[in-house]
1. Determine how large the accessible area of His89 is when every protein chain is in place; take a 1.4 Å probe and give Å² rounded to the nearest 10.
2. Cα centroid distance between the stretch 139-212 and the stretch 68-137, in Å?
3. Which of the aspartates and glutamates could be linked to Lys163 by a straight reach, that is with a Cα gap under 18 Å, when you skip same-chain ones fewer than 8 residues away?
4. Report, by chain and number, residues whose modeled amide H sits under 5 Å from the one on Ala58, excluding near sequence neighbours (fewer than 5 apart, same chain).
5. Convert each backbone phi in the stretch 105-115 into a coupling constant with the Karplus relation 6.51 cos²θ - 1.76 cosθ + 1.60 (shift: θ = phi - 60°), then list the ³J(HN,Hα) values in order as whole Hz, x for Gly and Pro.
6. Using θ = phi - 60° and the Karplus relation 6.51 cos²θ - 1.76 cosθ + 1.60, list the HN-Hα couplings for the stretch 198-207 in order, rounded to whole Hz, with x at every Gly or Pro.
7. What are the ³J(HN,Hα) values, in whole Hz, obtained from phi via the Karplus relation 6.51 cos²θ - 1.76 cosθ + 1.60 with θ = phi - 60°, for each residue of the stretch 167-181 in sequence order, with x given for Gly and Pro?
8. For the chain, what is the calculated [θ] at 222 nm in deg cm²/dmol (nearest 500), taking -39500 (n - 2.57) for each run of four or more DSSP H residues and dividing by its residue count?
Amino acid sequence: YGAVHELPSYRPQGRTKTSSEILINCSWYGQKIHWRCLQTVNEALRQCSQRVKLRIFAGNAPVLHKGYPAFLNEISRQMTSCWVELVPHVAYDEYMGMMEEGDFAIDVFPYAGSNTVADNLHLRKPTLVREGYRWFNRIGPAMLRSAGLEDWIATSDGEYQRKLIRLVNDPDYVQEYCVRLQQADLETLVFHSEGAPEFAQFVKNVVSDNRFYPGDEPIIL
């Protein structure tokens, strides 16, 4: 992965949603949200037969600049085919508890998630990702492949839409994968440190070699 994901400390509490619409976890920090992703998701949800709410965990980005109302209005203006709930920064346990209530998760793109994908997998939430050509939009798909969950990896905007439509319209399909996730040994498949010492040594060797970085101080790992 180029990173080590430690097993999250949160223990699932069995929280469930209190409303009837499909609730989608969107761990999309505000600075990552991109018009193309919004457009793709909105068009997919327009073709769905179920009512949908996006619960977007936007973090501090909109709040720090006192732009929370404007940020929410702009997101809601673009997402015309669903309801939007915007969650600012909350404590970790509350964030994970709210995520437990979701039916499944979708990742933002092209600036995709890493720890947030791991959080959803830890909660055994089916998670749709959009694979790209950079580390930041390939690490999520790498985790899913390790867990044998290739069905949730989209390699184009159109495929992302088709997979999202099925997740919304076919609750039995979602439940099937929830069961698979419950049975998966994610501690072995995803939350492990295999290869980490070798990767750290490689980085240490590169940054301490003046042929690569003349004048730079070595980084101690």
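The values are calculated or read from the model by the stated rules, or taken from the named source; none is laboratory data. All values derive from a computational prediction rather than experimental measurement. With ligands, DNA and RNA removed, areas are computed over all heavy atoms of the protein, side chains included. Shrake-Rupley method; radii C 1.70, N 1.55, O 1.52, S 1.80 Å.
1. Answer for His89: close to 120 Å² accessible.
2. Taking the Cα centre of each part, the stretch 139-212 and the stretch 68-137 sit 16 Å apart.
3. Within the straight-line limit of under 18 Å, Lys163 reaches these aspartates and glutamates: Glu43, Asp103, Asp107, Glu131, Glu150, Asp151, Asp172, Glu176.
4. Under 5 Å from the amide H of Ala58 lie the amide H atoms of Val87, each far enough along the sequence or on another chain.
5. Computed from phi, the couplings for the stretch 105-115 are 10, 10, 8, 6, 8, x, 8, 7, x, 10, 4 Hz.
6. 5, 5, 4, 5, 4, 4, 4, 5, 5, 6
7. Rounded to whole hertz, the list is 4, 6, 7, 10, x, 5, 5, 4, 5, 4, 6, 4, 5, 4, 5.
8. Values: 10 runs with 94 residues, N = 221.
The per-residue figure over the chain is -12000 deg cm²/dmol.
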